1. Roughly how much of Glu118 is accessible, in Å² to the nearest 10, using a 1.4 Å probe?
2. Working with all protein chains in place, sort Thr119, Thr30, Thr19 by solvent-accessible area computed with a 1.4 Å probe, largest first.
3. Using r as the Cβ-Cβ distance of Asp98 and Lys4, and R0 as 30 Å, what FRET efficiency do you calculate, to the nearest 0.05?
4. Straight distance only, please: which aspartates and glutamates reach the Cα of Lys58 with their own Cα at less than 17 Å, same-chain residues fewer than 8 apart left out?
5. Kindly sort Ser117, Ser124 by accessible area of their heavy atoms, largest first, with the probe set to 1.4 Å.
6. With each pseudo-label sitting 7 Å past Cα toward Cβ, what's the Thr19-Gln73 distance in nm, one decimal?
7. Round to the nearest 10 and report in Å² the accessible area of His21, as given by a 1.4 Å probe over the protein chains' heavy atoms.
8. Return the sequence-ordered ³J(HN,Hα) values of the stretch 65-79 in whole Hz as given by the Karplus equation 6.51 cos²θ - 1.76 cosθ + 1.60 applied to θ = phi - 60°, using x for Gly and Pro.
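The values are calculated or read from the model by the stated rules, or taken from the named source; none is laboratory data. Predicted, not measured: the structure shown is a model, and the values here were computed from it. A quick note on method: Cβ atoms are made from the backbone with ideal geometry, for glycine too, and the neighbour counts reach across all protein chains shown. Areas reflect the complete protein model, heavy atoms only, side chains present, ligands, DNA and RNA absent. Shrake-Rupley method; radii C 1.70, N 1.55, O 1.52, S 1.80 Å.
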Amino acid sequence: LSRKATKAALRLARDFQATLHVINVQPPYTIPFAGEVAIPAMYDRGEYEVAAKEAGDKVLSEVTRQAEAMGLQYKVVFRMDAVPSKAIVDAAKRRRVDLIVMAMHKRAMFTSMLLGSETHSVLSGCSIPVLVHR
């Protein structure tokens, strides 16, 4: 669904001759705990941050490749944040975007009522219009 939302955002940017702002948010490093005892982590902080940046770059490069092929102007944002929805809203406000395009999985509609989802959090915490693609 994220790929479909990306295609919709690319088409909108093309049709309105807009700059596309592509954001990827990865969670920061946290030490896993069981009870009150830290468990030895698979990665140390440095290794984790490199792996997270590589994962983000992979997603971002896929989108920027498509934007370049369409001749679009684009800007890339990578953040590490424990609250992705906040990072998305903050970046959108700082960059003064006109529209946020996000995917929402069908299963997320039900779970968002109970737990919340990133898309739902962006919708409820942002004054910028949000296009939800399903």
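1. Its heavy atoms expose roughly 80 Å² to the probe.
2. Thr30, Thr19, Thr119
3. 0.90
4. Cα-Cα hits under 17 Å: Glu47, Glu49, Glu68.
5. The most accessible residue leads, giving Ser124, Ser117.
6. Roughly 0.6 nm, to one decimal.
7. Near enough 60 Å² of accessible area.
8. The phi angles translate into 4, 5, 4, 4, 4, 8, x, 8, 7, 8, 9, 10, 10, 10, 9 Hz.
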